[in-house]
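A.B. asks: Quick one: the structure is below, and I'll ask about it shortly.
The values are calculated or read from the model by the stated rules, or taken from the named source; none is laboratory data. Bear in mind that the values here come from a model prediction, so they are computed numbers and not experimental data. Here Cβ is always computed from backbone atoms with ideal geometry, including for glycine, and neighbour counts include all displayed protein chains. Heads up: the accessible areas ignore ligands, DNA and RNA and are worked out on the full protein's heavy atoms, side chains in. Shrake-Rupley method; radii C 1.70, N 1.55, O 1.52, S 1.80 Å.
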Amino acid sequence: PAFVEPTPDGAFVVIADSGSGGPGGNLALAAVDGSSWLAIGPIVYPYDGDVLPDGRLIVSAATQGFGLGNDLALVQLNPPSVTLIGHVSNPSGPIEVARSGDVFYGLQGPGGSPPAGSCSVIRWNAALVAAGGPLDESNATTLATGFDGASSLAFDPDKERLFLAENHYFLGTHNIWRVKANKANSVLIASSDQSLAGLRFADAGGTATFDAFQPDHGRRLVYETTDFWSFSNLGTLVPKRP
C-alpha cells in the first residue's frame, strides 16, 4: 500500500498500490460503497498524492526506480490517464495541494540516510502545475528548511497552516511540526519513538479550530504510526483544553 485519497465529492477513493517484488505499482478508483472498482493505470512506486482543484490527482512516485530521483505525475480519473510532468532529485517525498492550487512538496535530503536538516518544503504555483510543468527544483519556491526527512504534509482546512510529519530512521527523529520558515522557528506539535505518517485533518462536527485552548469539538489531526512489524495505529491530536 502507498496511499488512499478521497475524491472531492467523497463518493470515491483513489487507492495507490506500490507493488511487490520488482518495480511495480498501480492506481485504482474505488467507490466507497463497494459498488465499483476501476483501474486507472500503472505507475511505478507511487508514494503520495493529492487532488487538484480541477479534480485531477498529482502523484509523487519513483517511476524510474529507487536511487534515480522522484517523478511527479498528473492523473486524470475519467477517462483514466497518467502523465509525467516533473522530476526532482533524491528519494520520494510527500505532496499536498493548497486551496489556491499551489503544490507543496517535501524535498528529501540525498541518499538512504540523509544528513540532518537536509529536508525542505518547496512550492510550485498553480499556473505552472495547470500548464503541465515541467516541475523541478529550479522553478520551485522554498517555503521552509532544516527538517530531518518528511513523510507527510497536511493543510489545516480552516486557517490553511501547513503541518509536516518528520521521520529519519537512523537519527531516530519522529515529530509533527506546524511549518514555519525553518525547523528552528516551527512549532512542535507531537513527538514519537516510532514512524509518523499519513497526516489528515478530521472534523468532529463543531466550530473549534486546531489551536491551543479550544473547545473539545471541531478540528483534530489524525496520524499513522507503526514499527513496521507488530502494530499499525491511528492517533488523534486535539487542542489542549483551558
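A.B. asks: Only sites in a loop by DSSP and with at most 12 other Cβ atoms within 10 Å count here; which trypsin sites (Lys or Arg not before Pro) in the stretch 173-242 make the cut?
C.D. replies: Of the trypsin sites (Lys or Arg not before Pro), the ones in loops of the stretch 173-242 whose Cβ has at most 12 other Cβ atoms within 10 Å are Lys240.
A.B. asks: OK, next. Can you tell me the convex hull volume per residue for the chain, based on C-alpha atoms, in Å³ to the nearest whole number? Each step should come with its number before you reach the end.
C.D. replies: On the way: hull volume 33.0 nm³, N = 242.
Here the figure is 137 Å³ per residue.
A.B. asks: Given H placed 1.01 Å from N in the peptide plane, which residues other than close sequence neighbours of Asp211 have an amide H under 5 Å from its amide H?
C.D. replies: Amide H to amide H, under 5 Å and 5 or more residues apart or across chains, Asp211 pairs with nothing.
A.B. asks: For an R0 of 45 angstrom, estimate the FRET efficiency from the Cβ-Cβ distance between Gln64 and Ala202 and round to the nearest 0.05.
C.D. replies: Details: r = 35 Å, r/R0 = 0.78.
Step by step, r from the Cβ atoms, then E = 0.80.
A.B. asks: Could you calculate the FRET efficiency of Thr209 with Asn185 from 1/(1 + (r/R0)^6), where r is the beta carbon distance between them and R0 is 25 Å, rounded to 0.05?
C.D. replies: Numbers: r = 21 Å, r/R0 = 0.84.
Given R0 = 25 Å and the Cβ-Cβ separation, E is 0.75.
A.B. asks: Taking the convex hull of the Cα atoms, report for the stretch 38-89 its projected area averaged over all directions, in nm². Intermediate results must be reported in sequence, preceding the final value.
C.D. replies: Values: hull surface 14.2 nm².
Value for the stretch 38-89: 3.5 nm².
A.B. asks: Starting from one equal scatterer on each C-alpha and no solvent at all, send me the Debye-based log10 I(q)/I(0) for the stretch 1-111 at q = 0.10 Å⁻¹, two decimals.
C.D. replies: After summing over all Cα pairs, the log10 values are -0.26.
A.B. asks: From the helices alone, meaning DSSP H stretches of at least four residues, give me the mean residue ellipticity at 222 nm for the chain, per-run term -39500 (n - 2.57), in deg cm²/dmol to the nearest 500. The partial results should precede the final answer.
C.D. replies: Details: 1 runs with 5 residues, N = 242.
Mean residue ellipticity at 222 nm (helix-derived): -500 deg cm²/dmol.
A.B. asks: Continuing with this model, one more query. How many percent of the alpha carbon pairs in the stretch 52-157 exceed a separation of 19 Å? Spell out each step's value before the answer.
C.D. replies: Values: 2224 of 5565 pairs.
Here the tail beyond 19 Å accounts for 40 percent of pairs.
A.B. asks: Can you put Trp124, Trp37, Trp229, Trp177 in order of accessible area, largest first, using a 1.4 Å probe?
C.D. replies: Numbers: Trp124 0, Trp37 165, Trp229 230, Trp177 30 Å².
Descending order: Trp229, Trp37, Trp177, Trp124.
A.B. asks: Moving to a separate point now. Could you pull out the GluC sites (Glu not before Pro) across the stretch 137-210 that fall in loop regions by DSSP (anything but H, G, I, E, B) with no more than 16 other Cβ atoms inside 10 Å?
C.D. replies: Numbers: sites: Glu137, Glu160, Glu166; in loops: Glu160.
Of the GluC sites (Glu not before Pro), the ones in loops of the stretch 137-210 whose Cβ has at most 16 other Cβ atoms within 10 Å are Glu160.
A.B. asks: For the charge dipole of the chain, defined by +1 on Lys and Arg C-beta atoms and -1 on Asp and Glu C-beta atoms about the Cα centroid, which residue among Leu84, Ala204, Leu52 has the Cα displaced farthest towards the positive pole?
C.D. replies: Ala204
A.B. asks: At what distance in nm do the modelled label points of Thr141 and Ala28 sit from each other, each positioned 7 Å from its Cα along Cα→Cβ?
C.D. replies: 4.0 nm
A.B. asks: Any idea what log10 I(q)/I(0) is at q = 0.22, 0.26 Å⁻¹ for the stretch 158-242, Debye with uniform C-alpha scatterers and no solvent?
C.D. replies: -1.10, -1.32
A.B. asks: What whole-number distance in Å separates the alpha-carbon centres of the stretch 16-30 and the stretch 207-239?
C.D. replies: Using only Cα atoms, the two centres lie 28 Å from each other.
A.B. asks: Right, something else. Give me the accessible area per residue for the chain, probe 1.4 Å, as a whole number in Å².
C.D. replies: Values: 11400 Å² over 242 residues.
Normalised by residue count, the accessible surface of the chain is 47 Å².
A.B. asks: Still on this structure: Could you go through the stretch 84-93 in sequence order and give the Karplus-derived ³J(HN,Hα) for each residue, using 6.51 cos²θ - 1.76 cosθ + 1.60 with θ = phi - 60°, rounded to whole Hz, and x for Gly and Pro?
C.D. replies: Along the stretch 84-93, the couplings run 6, 10, x, 8, 10, 6, 6, x, 4, x Hz.
A.B. asks: Roughly how many percent of the accessible protein surface of the stretch 47-184 is carbon and sulfur, given a 1.4 Å probe and a whole-percent answer? Write out the running numbers ahead of the final one.
C.D. replies: On the way: 2930 of 5390 Å².
Ligands and nucleic acids excluded, carbon and sulfur reach 54 percent.
A.B. asks: Here's something else I'd like to know. Provide the gained length on full extension for the span Ala116 to Thr226, in nm with one decimal, where the gain is 0.36 nm per separating residue minus the Cα-Cα distance.
C.D. replies: This chain segment gains 37.4 nm when fully extended.
A.B. asks: How large is the charge dipole for the chain, taken about the Cα centre, if only the Cβ atoms of Lys, Arg (+1) and Asp, Glu (-1) carry charge, to the nearest 20 debye? Please report the intermediate quantities before stating the final value.
C.D. replies: Values: 13 positive and 23 negative charges, 101 e Å.
Approximately 480 debye in magnitude.
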